[in-house]
Each structure stands twice: as structure tokens, then as C-alpha cells.
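Asker: What follows is a structure written as C-alpha cells; I'll ask about it next.
The values are calculated or read from the model by the stated rules, or taken from the named source; none is laboratory data. All figures in this text were calculated on a predicted structure; none of them were measured in a lab. Quick reminder, even Gly has a Cβ in these numbers, built from the backbone with ideal geometry, and neighbours come from all protein chains shown.
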Amino acid sequence: MRRTPKETAESATRITRRALMLGGAQLAFASVLGLRMRHLQVDQADEFRLLAEENRVNIRLIPPSRGRIFDRNGTIIADNEPTYRITVTREDAGDVEQVIARLGQLVELDGDDLNRALTEMKRTPPFIPVAVADRVAWEDISRVAVNAPALPGVTTEVGLSRVYPHAETFAHVAGYVGPVSERDLARYEDPPPLLRIPRFQVGKVGVESKFEEMLRGEPGTKRVEVNAVGRVMRELDRREGEPGADIQLTIDGGLQDYIKARLGPESASAVVMDLEKGDLLAIASSPSFDPNKFVRGISVPDFAGYRDNDHRPLASKTVQDAYPPGSTFKMVTALAALEAGVITPDETVWCPGHMEIGTRRFHCWKRVGHGHMNLEESLRESCDVYYYDLALKVGIERIAEMGRRLGLGVAHDIEMSAVTAGLMPDKDWKRRERGQEWRIGDSVNASIGQGFVLTSPLQLAVMTARIATGRSIEPRLVKTINGVETPTRGGADLGLSPGHLKRIHRAMYAVSNDRRGTAYRSRILAEDMRMAGKTGTAQVLNRVVRNEDVPWEERDHALFVDFAPWDAPRIAVSIVVEHGGGGSAAAAPIGRDITLQALYGGTPPLDAYPAADRSRIEALQERLERERQEREAQARSRA
């Protein structure tokens, strides 16, 4: 049927309207699409570029260089050395056992290290690399690099590892580092990512532990490009971290080395303290251990050898162990009595060889007795009965107060591990800790450094330093941190009577220089170097028998303290020889030799020693010099 012109016009109008609506819709859609494309390509370009980059770029931490440790003369005690290691990333390796089997055909893998690595892989996220071989030779690294396509997830790395050039000499002071353990991580609520780096090393004991965060430094970062399977293709850029702080100790390396050699195989310890600033010039325990064995994780046989040694090489005896001070404590009792005004220096006490107190008899070391003794004579010949009498007059409270005033019963603030406070007992302590009342016999025992009294070699050195100077000297172990001097610890005046201190000085001088003194055989002949000292013998078991007749571990401890020069004191020294027997025979000769070495700053002249000792001392000096040269050669080879 033919349409009329009117119908044709209306139909054309409707088609045109529909076309316009459709065209408009298409234009609107195209506009929206264009705007969206512009938003994605222009406004969000940086965001999507970053997402794309993250698919092929990884950011990794760079371990910082650990701060070094030096002695007071600039000798390196703890250093860093470059090492090569091989790591495996479980996520990239796929079949870990197969990859390690292939790796084992190229590089010799230690069984213990491998088992430790496999255990570590199970407890760490799969994307964290775990070291399977450390301190690998360059030739092994080259073989692994050449065979990289067959070893997915295997990476070779170069890093820094701790090394201790002087090995045993500073082991108890500097301490050592070791791989991060679960115990180390447990100290943090949110462990720093740096501690997750394979075989990252942290301080375990000593200065290494006390200054861990300062020595550790701040990590750097590097951006690396990886392919689809996560293999590193190239390094894009890096930002180096901040190295750890360098720490300089107050220890004189030469003196420390001499003391280690002089103590020899004895189970012993020695402390040398500067009397001006409180600097610890030496603080040595014998025998020692090699801290290098702990850096990568010590082997079971090596650790068992240290653990089962009855001389306890792992113990830092100077600060961790506490011993009855024996007769070295008698200056404390004497000063307490003098300051309390209960005696005068010239008063005498009759010593028949014992004192009856109640139903018990307390013996003097000299069974036939010393006769009449005044203060100087009692210290010179170490009469016990004189101090039994003082204990009854002055009481334990004043003795304990004087002991604490002189630095006993206090954990001194130095940067070593497990510093003991020892024990300076009184009535409250026994009531609180033992649930018992204090007895007169307890005071009598305490007056000669036995009974409950316990002191460390460090505390004995502090006590001697305070007696020598009359000041509250505190020990200082760290001299500078990154070149900045730490506060010295010369101390304020103790408020003790100068006259009373002078009397004690004269008595201690007689101990070492009077023919009847207990340390006379270990005297110093050099006029301007003479020392004032005190011997001590601390019973291990309460029995009357010669030390030679009992096993080593049941023998008495030998002690000696001194300061020198006696009329213008510069240093204080303390010596403890475990189960050494008598202080005059075992400890005093060592104390005299160390004192001279410290005063002369090196090998003393032979005429500083008594004539009868010179041939023995000369032979000893020659042996120690040979040993010193051997140790220096070993240190150079390690460095």
C-alpha cells in the first residue's frame, strides 16, 4: 500500500529522532569511555606504573657494616671481613631437595650447616633466602654462577662477617656475635627486618651484646630487576646504610695480652684499674676461649670441650664469679672500726692463736699465735684474732656499711655480661633470705672475709682503688663511642678520715715491704714503684688439712690486691687464683709482675725484682715474649 506524503514525512521524522537518540547515546558512551581512558592513562599513570614495576622489581635490604671495637691504643679487637655465601629461596627453588642435591655436586656442603639451613627454611617465610653455605671460596662461587640456570632459587652473595684478630685475649670483654636465633627475635615485639637477613649476626655476650643496636647500624636498600621466576637480572640502584658506631675500650691491649700469658693455665682472673679516671686498663680471665668459633655457630665438639673444662673458660670470672675475699677484706673491718672510733691504731690485741666465743673456738691461721698486735702489725702479718676482736667491738652493720661504701655488694655498671653484685651481708639480709637471726659467729667470720661475704675480682679492684684514693671511683670500660669521650669516673670524696686512710696505706706497704709481711717475697725493689698490698686465702671447705693433700677443686682460693706507687697511687690491682692455695705464694707474685708491667708500660728492668727472683723472671720474660710474638703473628694472619 502506498503511503501518503504525510505518512512518509512522519516516518522520516521518527527515524531521524531515533538516529539522533542512538547517535547521542553512542557519543555519550564514547565520551565516558574516553574520559575513563584518560583517567587511567593520565591521572593514574604513576600508580599503574608503580604496580607494573613491582611485578618485576624487588627491594632488598643491605646489611650495614658492623661497628668495630678498639683498645685504648687503637688496636683492633673486633673487625669485619668479606665472606661469600650461598643462599636458597624456597619459593623460587621449587623442589628444594633436588636443587640442593645439584648444588652438592658443585660445592662441598657441611652436613651440620645443611641440616641447620633446612630447619631454618621450615620456620621462615618461603620468600626469605636461607644460607646453606658460608665462607665459601671464590672458585665455588664461580662454579655456582656458571650453573645458575640449573639451580633455581640459588643465589651467591658477598657480605661481612665478624672476626676477632686476637682471639682469646679479649674474648671475655668484647664477647662475640652469632647468627640470629629465635631467642634473639623473641626480645622484640616486632623484630627489625634486618634480623631476617640470612646468617645476620648479632651480639651474644660482652660489649658486642651490650652495644648491639649501636654497633649494628642502619640497613641500606637496593632495587633489583627480576624475571618471571624471580631470578635477579640486574641491580637498578642502591642506597647504602649507616655503619655501626666504632667503640674504643679503656683496655690496654699490651697489658691485657701480658696478663693472659702470665696467668697461663691457671683458673684465675686479674683486674688493673687506673686511679685517675677509673679506666679498666686490663680485665682478664683465664683460661679463655676463641670467640671466632661462635661467629658462625660453634660445633658440638668445640662447645663440649669448653663446657666440660673444670677451669671454666667460658666464664668471665672477673665480673661473674664471687669469692670469699679472705684477708683482703681486713682493711674494710679496720676502717669500719677506726671510723666508728672503737679502736685507735696503736691499741693492741693479744693473739694466742685462737679466740673462744661461746662454745666455739675460732682459730688464727698461725696456730701458735702472733702475740700482741696493733693495726699495722695485724695487717702486715694477717692476724685473724685481731679482727675477731674488732668484729665484736664494731658489729656487722658498720662493717657492711663500710664494705658497700668501698664498692662491695654492688653490681658496678660496666658493659660486660652477668655482672654480679656479690654479697655484703647484714642482719636484715640473713633474716630476709635465710629466715634466721644474725649470730656473733657470723660477724666473726665476716670480719676476715669468710662466712657469707662474697666479692668479685672487679669489686676487689674498686675497693683497693677507693682505699688508695679516698674517692668513690667507679670502673669505666668504654673510652669513646665514635670518637666522643664517655664521662670519666674518678669519683667524689668518700668522706673517710685522711689519717685513717694513711694508717691503712702504711700497713699495706708493710705487707709488701717489711720482712715480716706476708707478701715480702713478692716485693718491688724499684724505689719509685713500690706497692702497698694485701694477701688473702679464702677457704673452700671448712677443714684443717694442707692444700697439697686434697684434690684441686677443694683447695683454698688465693687472692692479692695492691695499689702502686704506694705514696702516689696510679693503679690498683686485684688477683684471684682459684684453688691456688695461699695468697702469698700463688697470687702475690702474679700481682707484683702485673703491677710492674702496668707501671712501666712494658717489660720492667730486672733490677726492679729481688735478686733471688731475677733468673726466674728473666726466663719468664723471654718465654712470654716468644708467646706474645706468636700471638701477634696469628692475629696478623686472621686480620
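Asker: I'm trying to understand the selection: among the residues of the range 328-344, which are surrounded by 17 or more Cβ atoms within 10 Å (Cβ to Cβ) and not in a helix (DSSP H, G or I)?
Answerer: ILE343
Asker: Just to be sure I understand, how many residues within the range 349-365 are surrounded by 16 or more Cβ atoms within 10 Å (Cβ to Cβ) and either in a loop (DSSP other than H, G, I, E, B) or touching a Ser or Thr at 6+ places or on another chain (Cβ under 7 Å) (or both)?
Answerer: 3
Asker: Can you confirm whether the range 313-325 contains a residue that is under 22 Å from ASP79 (Cα atoms) and out of contact with any Asp or Glu (no Cβ under 7 Å at 6 or more places or on another chain)?
Answerer: Yes, the range 313-325 contains at least one residue that is under 22 Å from ASP79 (Cα atoms) and out of contact with any Asp or Glu (no Cβ under 7 Å at 6 or more places or on another chain).
Asker: Answer yes or no as to whether ILE473 is of a type outside the set (Asp, Glu), part of a helix (DSSP H, G or I) and within 28 Å of VAL419 (Cα to Cα).
Answerer: No.
Asker: Just one of (1) crowded, with 16+ Cβ neighbours inside 10 Å; (2) modelled with pLDDT under 80 trips up THR16, so point out which.
Answerer: Failing condition for THR16: (1).
Asker: Can you list the strands (runs of 3 or more DSSP E) lying wholly within the range 66-177 that have 1 or more residues being at pLDDT 90 or above and in contact with a strand residue (DSSP E or B) (Cβ under 6 Å, 6 or more places away or on another chain)?
Answerer: Per the criteria, 76-88, 154-163.
Asker: Can you name the residue in the range 406-422 that is over 18 Å from GLY175 (Cβ atoms) and in contact with a helix residue (DSSP H, G or I) (Cβ under 8 Å, 6 or more places away or on another chain) and, of all such residues, is surrounded by the fewest Cβ atoms within 10 Å (Cβ to Cβ)?
Answerer: Within the range 406-422, the match that is surrounded by the fewest Cβ atoms within 10 Å (Cβ to Cβ) is VAL410.
Asker: Under 9 Å between Cβ atoms, at least 6 apart or on separate chains: pull out the pairs that start in the range 254-272 with a residue that is on the phi > 0 side of the Ramachandran plot and end on any residue that is not in a helix (DSSP H, G or I).
Answerer: As it stands, the answer is GLY264/SER286; GLY264/PRO287, since those pairs meet every condition given.
Asker: Show the residue pairs meeting these rules: Cβ distance below 6 Å; 6+ apart or different chains; first residue within the range 420-439 and in contact (Cβ under 8 Å) with a residue 24 or more places away in the chain; second residue of a type in the set (D, E, K, R).
Answerer: Here the result reads MET424/ARG404; ASP426/GLU397; TRP438/LYS427; TRP438/LYS430, each pair linking the range 420-439 to a residue that is of a type in the set (D, E, K, R).
Asker: Just name the residue that is nearest to GLY326 (Cα to Cα) out of those in the range 514-563 that are of a type in the set (Lys, Arg) and touching a helix residue (DSSP H, G or I) at 6+ places or on another chain (Cβ under 9 Å).
Answerer: Pass one, the range 514-563, residues of a type in the set (Lys, Arg): 515-516, 521, 523, 530, 534, 543, 546, 555.
Next, only the ones that are touching a helix residue (DSSP H, G or I) at 6+ places or on another chain (Cβ under 9 Å) stay: 516, 521, 523, 530, 534, 543, 555.
On the way: ARG516: 19, ARG521: 20, ARG523: 21, ARG530: 23, LYS534: 10, ARG543: 15, ARG555: 14 Å.
The qualifying residue nearest to GLY326 (Cα to Cα) is LYS534.
Asker: Checking the conditions here, which among ALA101, ALA148, ALA117 is under 29 Å from the mean Cα position of the chain (by Cα) and either among the small types (Gly, Ala, Ser) or more than 30 Å from ASP252 (Cα to Cα) (or both)?
Answerer: Testing whether each residue is under 29 Å from the mean Cα position of the chain (by Cα) and either among the small types (Gly, Ala, Ser) or more than 30 Å from ASP252 (Cα to Cα) (or both) leaves just ALA117.
Asker: How many residues does the range 174-224 contain that are surrounded by fewer than 21 Cβ atoms within 10 Å (Cβ to Cβ), within 21 Å of ASP71 (Cα to Cα) and in contact with an Asp or Glu (Cβ under 8 Å, 6 or more places away or on another chain)?
Answerer: 3
Asker: I'd like the full set of residues that are surrounded by fewer than 17 Cβ atoms within 10 Å (Cβ to Cβ) and either touching a Phe, Trp or Tyr at 6+ places or on another chain (Cβ under 8 Å) or more than 23 Å from LEU338 (Cα to Cα) (or both), limited to the range 366-398.
Answerer: Of everything in the range 366-398, those that are surrounded by fewer than 17 Cβ atoms within 10 Å (Cβ to Cβ) and either touching a Phe, Trp or Tyr at 6+ places or on another chain (Cβ under 8 Å) or more than 23 Å from LEU338 (Cα to Cα) (or both) turn out to be LYS366, ARG367, VAL368, GLY369, GLY371, HIS372.
Asker: Further, regarding this structure: State the number of residues belonging to the range 533-555 that are without any contact (Cβ under 8 Å) to a residue 40 or more places away in the chain and surrounded by 20 or more Cβ atoms within 10 Å (Cβ to Cβ).
Answerer: 1
Asker: Does ASP389 count as farther than 21 Å from ARG466 by Cβ, outside the structural domain of ALA171 (by TED's automatic domain parsing), touching a residue at least 24 places away in the same chain (Cβ under 8 Å) and not in a loop (DSSP other than H, G, I, E, B)?
Answerer: Spelling it out, ASP389 is indeed farther than 21 Å from ARG466 by Cβ, outside the structural domain of ALA171 (by TED's automatic domain parsing), touching a residue at least 24 places away in the same chain (Cβ under 8 Å) and not in a loop (DSSP other than H, G, I, E, B).
Asker: Checking GLY441 against (1) over 26 Å from LYS502 (Cβ atoms); (2) of a type in the set (Gly, Ala, Ser); (3) not in a helix (DSSP H, G or I): exactly one of these is not met. Which one?
Answerer: Result: GLY441 passes all but (3).
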